[in-house]
Amino acid sequence: MYTMTRNIFYILISVVLFAVAVTARADDAPLTTRPLLQELGRQLLQGKQGSIVAIKPATGEIVCLVTNSPSGSNLSLAIGTAYAPGSTFKTAQALVMLSEGFISPEQVNDCNGGFTDGNIHVGCHKHATPLALADALAFSCNTWFLSNFMALLNDDFLYADPSEAITVWHKYMTSMGLGGPLGVDLTGERGGLVANAAYLNRRYKQGWDARTILWAGMGQGDITMTPLQMCNLAVTIANRGFFFTPHIHQATASKPLAARFKRRRQTLVGRDAYGPVIEGMRRAVEKGTCTAARASYTVCGKTGTVENAGKDHSAFMGFAPMNDPKIAIAVYIEHGGFGSDMAVPIASLIMEMYLKGQLSETSKAKAKRLAKVRLF
């Protein structure tokens, strides 16, 4: 009886806190979130700390925003907590390198079990070698991205020095909505970190070079983002280079949508760069790290397994369908293990509910299994 009363209390508190957060406009505007997605998301996040964010790419409407923690819903986990993105960030890295003409989609790199530079060794998944970009994304090859990121920063033909290289890199990343608040119509939003030269000079007072910050090549170290930003990154890829500032309040006759939510925000990424990255994200679902997201429609995705103290965080971001994107999604589960363990199957169910209006019997069984998993 005590447990039931306590759970009801937490649910009521969660509802109140969410209601307070979404009244940033101080009116009764209806929300863009879909009740079926919200309910499914709450079921899937039982016993887990993390968040689900889904956005309609064509408009920037937030169609799902669910969070959970040991004390109930905590909106800050989705919009105010900056996490290392892990390998989901490899999509953004690839977009920059393609746009700068530093790599081609056909360029191959060897991977013999991991990346080694001096006393630094980073392991990698088992996969065929050598790999071109699409398969490097599909199988999340750490070697491919670490070696190419270091080489980009050290390229003295494209850039005068690593400081200029990181400045160019930073401009691309911030154009994709990273490094600062997006401007969502919710209180408490914070931005993540995208290192620039000034930041690196302050942090590494004895000097820095490509080796110092190589971890950003695989989404660790001097790069963080909120789940909202991660979802928005998926939106920019789904839209092949643009996004609308995410919003959760619907327009009404008395409160029309503010102009800033209707203004298309263009990234600096070259449009031709998106095709190879999308191909890699599609292969990740067909045969790589995201096979749990396979569906009758074309899903494109990228996993992230984020190293931290304790069990790894599980992350996924993607969109569907590939050539007519209706939904983009990010799922981030603290201490959920590999990206494929928790984040991918949760995201696949949210996408199915949105695109199909219901879950298949097989998916209902999967949802029940996931809802029973307790991480706290």
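Things to note:
- Here GLY288 fulfils each of the conditions (1) assigned to a helix (DSSP H, G or I); (2) out of contact with any Gly (no Cβ under 6 Å at 6 or more places or on another chain); (3) open to solvent by less than 30 Å² (accessible area, probe 1.4 Å); (4) of a type outside the set (A, V, I, L, M, F, W, C) apart from (1).
- Looking only at the stretch 128-143, and only at residues there that are closer than 15 Å to GLY219 by Cα and in contact with an Asp or Glu (Cβ under 9 Å, 6 or more places away or on another chain), the one that is surrounded by the fewest Cβ atoms within 10 Å (Cβ to Cβ): THR143
- Qualifying residue in the stretch 268-284 (condition: part of a strand (DSSP E or B), touching a strand residue (DSSP E or B) at 6+ places or on another chain (Cβ under 7 Å) and open to solvent by less than 30 Å² (accessible area, probe 1.4 Å)): no
- Hits in the stretch 182-225 - residues which are out of contact with any Ser or Thr (no Cβ under 7 Å at 6 or more places or on another chain), free of Cβ contacts under 8 Å to residues at least 40 places away in the same chain and of a type in the set (Ser, Thr, Tyr): TYR199, THR212
- Only one of the listed residues (ALA320, ALA330, ALA293) is over 19 Å from ALA58 (Cβ atoms) and open to solvent by less than 50 Å² (accessible area, probe 1.4 Å). That residue is ALA293.
- Some residue of the stretch 36-43 being farther than 27 Å from ALA320 by Cβ and open to solvent by less than 40 Å² (accessible area, probe 1.4 Å): no
- For the stretch 151-174, filtered to residues that are open to solvent by less than 20 Å² (accessible area, probe 1.4 Å) and in a helix (DSSP H, G or I), the residue that is farthest from ASN112 (Cα to Cα) is MET173.
- Enumeration of residues in the stretch 154-175 that are touching a residue at least 40 places away in the same chain (Cβ under 8 Å), touching a helix residue (DSSP H, G or I) at 6+ places or on another chain (Cβ under 7 Å) and farther than 12 Å from GLU100 by Cα: ASN154, PRO162, ILE166, MET173
- Single condition PRO227 does not satisfy, out of (1) out of contact with any Pro (no Cβ under 9 Å at 6 or more places or on another chain); (2) under 21 Å from VAL331 (Cβ atoms); (3) open to solvent by 10 Å² or more (accessible area, probe 1.4 Å): (3)
- Members of the stretch 82-112 that are surrounded by fewer than 22 Cβ atoms within 10 Å (Cβ to Cβ) and under 30 Å from ASN68 (Cβ atoms): ALA82
- Taken as a whole, the condition of being within 20 Å of LYS171 (Cα to Cα), touching an Asp or Glu at 6+ places or on another chain (Cβ under 9 Å) and not β-branched (Val, Ile, Thr) applies to TRP215.
The values are calculated or read from the model by the stated rules, or taken from the named source; none is laboratory data. All values reported here derive from a predicted model rather than from experimental measurement. Every residue, glycine as well, gets a Cβ built from its backbone with ideal geometry; the counts of neighbours run over all protein chains shown. When the accessible area is computed, the model is the full protein with side chains, heavy atoms only, and any ligands, DNA or RNA have been set aside. Shrake-Rupley method; radii C 1.70, N 1.55, O 1.52, S 1.80 Å.
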